[in-house]
1. As a footprinting exposure proxy, order Arg118, Arg753 by other Cβ within 10 Å, with the fewest listed first.
2. Rank the residues Phe306, Phe130 as a footprinting-exposure proxy: fewest other Cβ atoms within 10 Å of their Cβ go first.
3. Debye calculation, C-alpha points only, no solvent: report log10 I(q)/I(0) for the stretch 304-397 at q = 0.14, 0.25 Å⁻¹, in the same order as the q values.
4. Could you work out the pair-distance distribution P(r) of the stretch 559-691 from its alpha-carbon pairs, with 5 angstrom bin width and percents rounded to whole numbers?
5. Express the Stokes-Einstein translational diffusion coefficient of the stretch 5-164 in µm² s⁻¹, to the nearest whole number, given a Kirkwood radius over alpha-carbon pairs, 4 °C and a viscosity of 1.567 mPa s.
6. If you take volume of the Cα convex hull per residue in Å³ from the coordinates, which of (1) 193; (2) 179; (3) 241 do you get?
7. Using the Cα centre as the reference, give the magnitude of the dipole from point charges on the C-beta atoms of the chain (Lys, Arg: +1; Asp, Glu: -1; all else neutral), rounded to the nearest 20 debye.
8. Could you state the number of Å between the C-alpha centres of the stretch 333-347 and the stretch 90-135?
Amino acid sequence: MNPLDDEVVDSNSFLSGPSNSAQFLEALDDLVKAAIAGHRSSSELFNPSDEWLKDRMPIFQDMSPDRQKEVLAEVEALSALAAEANSAGKAAERVWPAAVVRLDNGGLDFFSQLGVVRRPDLTQYLIEGFQRNRDGLAFEESQQALFSEVFPYITHYMEQCFSEGKSIIQTDRQIGDTLDRSFHARQLLFGDEYLQAPYMWKQLTFPLPTSEFQNTPDILEVSIPNWLDDLGLPEELRERIRTIGLTQLIFKAPTKGLSLHLGFDYVGEHKMGPLSIAMFLAKQNNGLAVQAALSMARVKTLEGEFKNTALVTIGPSLHGKSTLTIMIELANSNLARLLGLGHDTNEGVYPMNDDIVLLQPLSEPIETLKDGHRIHIPYGIDGTENNLYAVPFGLTREDDPITYDVVRGSDDNPSSLETLENVPVHLNDFTPNYLENPVRNMRMILSRTRLLERKGSGNLLESITHGHLKDSVHVPMENTDQIFWQAVMRQNTVIPPLRRLSLEQYVRVLMYGEAVQMGAAVGAIGRPYVEYFSDPFIIGLEDENANIMHYILQQIQAGGLPQYCYVFNTGGVGADTNDEATGSKYKKIPRELTLTLQEALLREAIKFEYDAVLRSDIAVAIVDKNGEEVMNLRHDWLPVNIYGEDDYYPRILDLRRRRYYGKDHQDKAGILRYTKVTDALIDLTDIPEPSNERELAWLLSFYWKVDQAYNSLQDLVEHKTEGREPLPHLLRAIEQTCQSAIGQDLQLSDYHRRILDQLGISI
């Protein structure tokens, strides 16, 4: 049964979104129709080459001496502003003016002028044919009325440019590399500025067969960086736009396949636009998109058995996904030295993807035999991008020789294709300065081909698939022995470096979304935050992501393909509070430990023990083939030993309470707010007893499956028809929980008890 089919939302529910104006929809359809028409194939703006784009870029070294002086004066002014912002603990708005720097190796360094981070806070959605996101911004009736006037100007401009063959650069590409699970995406960039948008996007996507260029695209990205000036809008209309604060807007109409970008040039936003629509399309096809790194590993276990493992590592940006994908090295690793392992050329790790991974149903499920057992595989695991859009901050050859050599090349073999965004540059020799990050979000295109060559993994996939595949970003499911579903999160207190989880616990970890702000989005650097499924761009009801993920994992499990769930804490342990990574007991979890634990998992060299308080298995040691411990994690890395039991247990209970209820009704950490999540994912015995009316109302809202978590019992009872009463056995268990809570701290009046009676709960 498809988990998307379970719920029907009343049109009066806030989950249904605002009403959509017929006039607005008509104007939108006209815009989409024009974008689908595109340029004539004879136009020089129809899928121009990289060289064509580079010839039109404002490259600093090719400017006149006078213009170079002007640029350098701007650089000096921007550097002063950046220093001022950074000293105040803030990110600078820009690194460089509107010029492209040709690096010493022949590569290119671009600089954003209209924002340097992704802006989910400026992203709004047309809610049509699906339930709205609880926290996303829906395009309201007043905004629809305004843009009913704006869209005809965009449409007219497009039609004129297409007719005259000018001013809009069309780029048709493919997202994903499978034959039947990829998407035709078209980018339309208005104007000849910000050419890094198509140039870098081409590097991040796959070539589309030229025979398909004229076909109707699945996805449209329309980008108008200088839209208020370029479209010929009347001043009165522009003033109304400025008045309501929509000078920058990402508008997404998922059912139309459209991502419209007004006032942006940051490539991260332009790559995420088409990807977000692909994520929606996958979800509509009973699949799911996750923000994850993806790789294939072929590793020999302690028992001497080679296993092909798909590694899917879900987590937010800058939390270690790339580390576990790119930096793991089997030869001469810390673990190899501990276990006395020699180099085996048949081993290796094959990086595939480092952003959005699609879990999609196979048109024909795979039936195969493994170790005499029949295996049924109903889902594929598909990367979406051809290269990696990564963060090079702090990059040095000494610290990370693999990544450094891939992006920069060596002295005798420089990489002329190095492509950077918002990376400062040394003016004396035009080399990148990876050690200063004034905007807190520098980026690079990391060549997957060069990465494979540098890691010596170029032939690994061919070996795994017995010659069937030489290069791919999708998992060869028929040649996969097991799947590791991994999550990376950051805590600073009571979560150990590695845990092993059940399917349900794993999905709950994704729901918790515990992270620390690192710079890829708007927010205070270093502060904890929560991001459900590590994804601020979920289209549709977030609750569905948990239900679908659980369903997919169950289907794979039922089919017999082995899969295991793990979560890495890449933050620290022992802090006084999670808000600050400080204190006499605090220890940052080093990258080397995380990498060692990842390899030990692949070699089946981890010793787990059950923690009754955390209610999961935790890694306590690394063992050799005789079961002897060669690395003891207990003293240095297990929080129960760092804090002591008397301090550890209350901290775990406090964390568990926040994970379910949040600190208050506005706290997104409380997962009981996702009331449409299936009961199977939430263990009632794992939920702390409610301590006040608001927590009790949230608990009951969840189990009654109403549209949202209500903050009072009265509100819940008034909206109980939105959901349904729990099954009798579950209702009795909830009643017992309430009775136990009243025996502790929960205070309820006679009035509240009468309300509970209406819900079938007798106290």
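1. The most exposed by this proxy come first: Arg753, Arg118.
2. Ascending Cβ contact count within 10 Å gives the list Phe306, Phe130.
3. For the stretch 304-397, the Cα-only Debye profile gives -0.77, -1.30.
4. Per 5 Å bin, starting at zero, the Cα-Cα P(r) for the stretch 559-691 comes out as 2, 8, 14, 18, 18, 16, 13, 7, 3, 1, 0 percent.
5. Translational D for this selection: 63 µm²/s.
6. (2)
7. 860 debye
8. Between the Cα centre of the stretch 90-135 and that of the stretch 333-347, the gap is 41 Å.
Readers should treat all values here as calculations from the given coordinates under stated rules, not as data from a laboratory. Owing to the predicted nature of the structure, the values given are computational and were not obtained by experimental measurement. Using ideal geometry, Cβ is built from the backbone for each residue, glycine included, and neighbour counts are taken over all protein chains shown.
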